[in-house]
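Below: one structure, written as structure tokens.
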Amino acid sequence: MKLVPPLITASVAFLALACTAITQAAIITSVTDPLAGGKLTSASIFTVGGVGTAAGVNNWPAAELPSKIFDVDQATKYLNFAKTDTGIAVTPAFGLSIATGINFTTANDGQARNPATFSLYGSNTVTVAGNEAAGATFSLSSFTPIAVDQPTGFTSTTPIFTSASVSFPNTTPYKSYILVFPTVADVANSNSMQVAQANITGTAAVPEPGTLGLLGLTTVGIAALRRRRH
């Protein structure tokens, strides 16, 4: 019986661990990511909004900015008075990623404003700078649908600060995303859309350079040991 050298055993274990780490789901989005809040103003145009409190308009209070959607703090929220088809465009600093889910949390009041459905689109040609002025646009023709008109699971009776994770199939990596909420829980009795959290989750499209280097060194080590044995 041939004994397996300890280094080879350790190397195989490292390879398995590295591959597991690469494929483990993570939160792709962050409060510091460049993003723009807005609304689908047509079937193919996402228009950036701005700070304001005008009813029925693509705007939001100064304390309830679009970035609050990614701050991992249920006490804050993103609110948009345009109500339906509102959301955000973002280029995560996470890098090229394969989005496969969203972690939602309902906000602190007005359950009629809960997002009832969501749509997610991805692009590899669009970059969100984060300083787009109100009225700037992104064309959905540059984005690919990932999940469209999917239920969040929230209704007008869902308690405040309720968290839910929604997953969807996707194997294509993207660098930028548009996330919109086509409908709210009770459109007749709400004046806006609001959500405390909606962090996109998924995996990195490729291993990080450091991981690749370690994998390469491990492979070289295994090859060297094999040569010595022959």
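The values are calculated or read from the model by the stated rules, or taken from the named source; none is laboratory data. Nothing here was measured: the structure is a model prediction, and the numbers come from that model. Methodologically, a virtual Cβ is constructed for each residue, glycine included, from the backbone with ideal geometry; neighbour enumeration extends over all protein chains shown.
Looking at Val90, Val12, can you tell me which residue is farther than 27 Å from Thr155 by Cα and either at pLDDT 95 or above or among the β-branched types (Val, Ile, Thr) (or both)?
After applying the criteria, what remains is Val12.
How many residues does segment 86-123 hold that are closer than 23 Å to Ile45 by Cα and β-branched (Val, Ile, Thr)?
6
Limited to segment 64-80, what total is found for residues that are of a type in the set (A, V, I, L, M, F, W, C) and either buried (at least 23 other Cβ atoms within 10 Å of the Cβ) or more than 22 Å from the chain's Cα centre (by Cα) (or both)?
Going through segment 64-80 one residue at a time, the tally reaches 3.
List pairs: first in segment 132-144 and surrounded by 15 or more Cβ atoms within 10 Å (Cβ to Cβ), second among the aromatic types (Phe, Trp, Tyr), Cβ under 6 Å, 6+ apart or cross-chain?
Close Cβ pairs (under 6 Å, with a partner that is among the aromatic types (Phe, Trp, Tyr)) amount to Phe138/Phe46; Phe143/Tyr121.
Please count how many residues of segment 53-86 are at pLDDT 95 or above and at positive phi.
Final tally of qualifying residues: 3.
Taking Thr152, is it surrounded by 14 or more Cβ atoms within 10 Å (Cβ to Cβ) and of a type in the set (Val, Ile, Thr)?
yes
Can you confirm whether segment 46-54 contains a residue that is surrounded by fewer than 16 Cβ atoms within 10 Å (Cβ to Cβ), part of a loop (DSSP other than H, G, I, E, B) and hydroxyl-bearing (Ser, Thr, Tyr)?
Yes, because at least one residue in segment 46-54 is surrounded by fewer than 16 Cβ atoms within 10 Å (Cβ to Cβ), part of a loop (DSSP other than H, G, I, E, B) and hydroxyl-bearing (Ser, Thr, Tyr).
Just to check your reading of the model, which residue among Gly130, Gly153, Gly135, Gly202 is of a type outside the set (D, E, K, R) and in contact with a Ser or Thr (Cβ under 6 Å, 6 or more places away or on another chain)?
So the residue among Gly130, Gly153, Gly135, Gly202 that is of a type outside the set (D, E, K, R) and in contact with a Ser or Thr (Cβ under 6 Å, 6 or more places away or on another chain) is Gly202.
Return yes or no: is Ser192 within 19 Å of Asn58 (Cα to Cα) and modelled with pLDDT of 95 or more?
Yes: the conditions hold for Ser192.
Consider segment 27-45. How many of its residues are surrounded by 15 or more Cβ atoms within 10 Å (Cβ to Cβ), in contact with a strand residue (DSSP E or B) (Cβ under 8 Å, 6 or more places away or on another chain) and among the aliphatic types (A, V, I, L, M)?
Of the residues in that region, 5 qualify.
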